[in-house]
Amino acid sequence: MTIVENLRLPLILLATVGSAVSGGIFFAFSTFVMQALAKQPASQGIATMQSINITVINPWFMTAFFAPAVAGILLSVSLLFQWQPSIAAYLLTANILYLIGTIGVTIVGNIPLNDALAVVTPNSIKGSTLWSKYLTNWTFWNHVRSAAALLAAILFAMAIIRSGLTT
């Protein structure tokens, strides 16, 4: 067995689980965390989200968020050395979906919204005005991230099933 063959299953498992974990985190935010924040007075919702946006930058979340991307890139590169038609489409599609739909959307959608929220005073009129738009726009982009990460997890899992690596 080559190094590529030895690492493929662990990398696909990492990408599958990591994508599912990220998707689950985003799903939780979309389905109840943001709704709970919306029910709070704007100043409390803003202050809480500002705190969340600071505390989310930690090794645990960053690992869960970026590990599927790294694993997906390594898997895509591995296909250059050992092409496997039975799983290539699953791996490449999952990787692109995660990179664009999760990482890319975070960079162009959610982070700019977080940056705008970070500089407002929670109990200001500007903060209150921004908050109503923030809730709608941030949650929309978060839905996109949720769907992309969960679909990537399914596609990575399909690669495991189709590869025969589990037998």
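Where a number appears in this text, it was derived from the coordinates with a stated rule and is not lab data. None of these values were measured; they are calculated from a predicted model. Methodologically, a virtual Cβ is constructed for each residue, glycine included, from the backbone with ideal geometry; neighbour enumeration extends over all protein chains shown.
Take every Cα pair under 8 Å in region 86-167 that's 6+ residues apart, average their separations, divide by the length, and report that relative contact order as a whole percent.
That works out to 57 percent.
Enter the angle in degrees (range 0 to 90, nearest 10) between the Cα long axis of helix 125-163 and the first principal axis of the Cα atoms of the chain, meaning the one along which they spread out most.
10
For the chain, what does -39500 (n - 2.57) per DSSP helix run (n ≥ 4), summed and divided by total residues, give at 222 nm, in deg cm²/dmol to the nearest 500?
-26500 deg cm²/dmol
Output wanted: per-residue J couplings in Hz (rounded whole) for region 26-41, from phi through Karplus 6.51 cos²θ - 1.76 cosθ + 1.60, θ = phi - 60°, x for Gly and Pro.
For region 26-41, the Karplus-derived couplings read 5, 4, 4, 4, 5, 8, 8, 5, 5, 5, 5, 5, 5, 7, 7, x Hz, x marking Gly and Pro.
Relative contact order for region 32-111: what is it in percent, counting Cα pairs under 8 Å that are at least 6 residues apart?
Averaging sequence separation for qualifying contacts and normalising by length gives 24 percent for region 32-111.
Using the Cα centre of the chain as the reference point, and only Cβ charges (+1 on K/R, -1 on D/E), how large is the resulting charge dipole? Debye, rounded to the nearest 20. Could you put the intermediate results ahead of the total?
On the way: 6 positive and 2 negative charges, 54 e Å.
Charge dipole of the chain: 260 debye, to the nearest 20.
What is the helix-to-structure angle for 85-98, meaning the angle in degrees between its Cα long axis and the longest Cα principal axis of the chain, kept from 0 to 90 and rounded to the nearest 10?
Taking Cα atoms only, the helix is inclined about 10 degrees.
Ranking TYR98, TYR90 by Cβ neighbours within 10 Å, fewest first, what do you get?
Going from least to most buried by this count: TYR90, TYR98.
Using alpha carbon coordinates only, what is the Rg to Rh ratio of region 3-163, with Rh defined as the Kirkwood radius? Let's see the in-between values first.
On the way: Rg = 18.0 Å, Rh = 16.6 Å.
For region 3-163, the value is 1.08.
Only Cα pairs under 8 Å and at least 6 apart count here; give the relative contact order of the chain as a rounded whole percent.
It comes to 43 percent, rounded to a whole number.
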